[in-house]
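*Asks:* Starting off with a structure, shown below.
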């Protein structure tokens, strides 16, 4: 339990800092570094049940996954989903421990876990969900998030009783990432707070639309270059509403407008980002969907599951590739919610990422904190700048 608590404290502390609008500082870095060192030192030095450690890490990190069931009338499934996820990660740690014991030498067992924490969890992605990233613990600490830093720090803590761990820690401190420059664009990132139980309410949608236009007009008055609204800011198939599209096109002569909305094309449903600029509109569809949220990642019973849990709604369809678009000559990668935490997106060439999210499905929880930390990992690793507009949490820029 103590090991799992150390592994989880950075996520919760980060949540408190964001909610209280406290900026990163030398003192916050001390706290995060202490949690990081405590996590791996306790893992390698304390006697603990590997199953129990994995179980509680899975529980503390991902207990919120089932919260979306509240909005489909299946609130009683939330604890079952949480326990199932915790059991999965408990089993993973138990299996890894059994494998490590076959090595039969303490130093080999420790080295095995060092490699697992550094590289192994990159391959643990059930249904594409790979949010258990040890790199998250390095975010906001004095150390970088690259693999060499991970290897040096975890190796030092695994063999802390030897002569050279301090040198490894010093070496890791020297490895600092380069920071990508911001584009010369004055971007207004909207933060909205529409509760999920109202988000798709037909009676509430007119208020949301009115609020969207109010945000756009405010950004125009502030003489911003770009205004960005969150995922599904327009909770409808926007391309099916010509009058709304026409109004947005007119406003786009004064400011570039980026907003989330649904997209209907050839009888198929897409989650999309709409970019309005100089009277023209570009629609970028989502490429990576949320498993069990936007599609059922099973080779069977998709229709039956959709009928039982989601009222017969069809799965969304994906674009063939991640979407990209230009704003005043600068190239951006489109990332809609879950996509912003997909590592392969950050391997693309454009330096800038425009992310739109609706995290109201999972609030109140630490999900937005974990997502923000994952985005920091990838942004720093691949030298990107991420602009993130969010419904249900504070919007931010990461580089």
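The values are calculated or read from the model by the stated rules, or taken from the named source; none is laboratory data. As the structure is a prediction and not an experimental result, all values here were calculated from the model. We place every Cβ from the backbone using ideal geometry, glycine too, and count neighbours over all the protein chains shown.
*Asks:* Could you grab me the full set of residues in the range 95-105 that are surrounded by 15 or more Cβ atoms within 10 Å (Cβ to Cβ) and either farther than 18 Å from residue 119 by Cα or under 27 Å from the mean Cα position of the chain (by Cα) (or both)?
*Replies:* Listed by number, the list holds a single entry, 96.
*Asks:* When both residues are 6+ apart or on different chains and their Cβ atoms are under 7 Å apart, which pairs have a first residue that lies in the range 101-118 and is assigned by TED's automatic domain parsing to the domain that holds residue 158, and a second that is assigned to a loop (DSSP other than H, G, I, E, B)?
*Replies:* Close Cβ pairs (under 7 Å, with a partner that is assigned to a loop (DSSP other than H, G, I, E, B)) amount to 109/103; 110/159; 112/103.
*Asks:* Still on this structure: What residue, among those in the range 194-218 that are touching a strand residue (DSSP E or B) at 6+ places or on another chain (Cβ under 7 Å) and not in a helix (DSSP H, G or I), is nearest to residue 230 (Cα to Cα)?
*Replies:* 194
*Asks:* For residue 20, indicate whether it is more than 27 Å from residue 193 (Cα to Cα) and at pLDDT below 95.
*Replies:* No, not satisfied.
*Asks:* Let me ask you something else. Taking the range 192-214 only, how many residues are farther than 23 Å from residue 255 by Cα and without any contact (Cβ under 8 Å) to a residue 60 or more places away in the chain?
*Replies:* Matching residues across the range 192-214 total 7.
*Asks:* Follow-up. Which count do you get for residues in the range 239-273 that are modelled with pLDDT of 95 or more and not in a strand (DSSP E or B)?
*Replies:* Looking only at that region, the number is 17.
*Asks:* Continuing with the same structure: Do we find that residue 222 is at pLDDT 95 or above and surrounded by 15 or more Cβ atoms within 10 Å (Cβ to Cβ) in this structure?
*Replies:* So residue 222 does not fit the description; no.
*Asks:* Here is a follow-up. Have a look at 300, 322, 332 and point out the one that is within 17 Å of the chain's Cα centre (by Cα) and either modelled with pLDDT of 95 or more or assigned to a loop (DSSP other than H, G, I, E, B) (or both).
*Replies:* Sole residue among the options that is within 17 Å of the chain's Cα centre (by Cα) and either modelled with pLDDT of 95 or more or assigned to a loop (DSSP other than H, G, I, E, B) (or both): 322.
*Asks:* Any chance you could count how many residues in the range 159-193 are at pLDDT below 95 and in contact with a helix residue (DSSP H, G or I) (Cβ under 7 Å, 6 or more places away or on another chain)?
*Replies:* Number of matching residues: 9.
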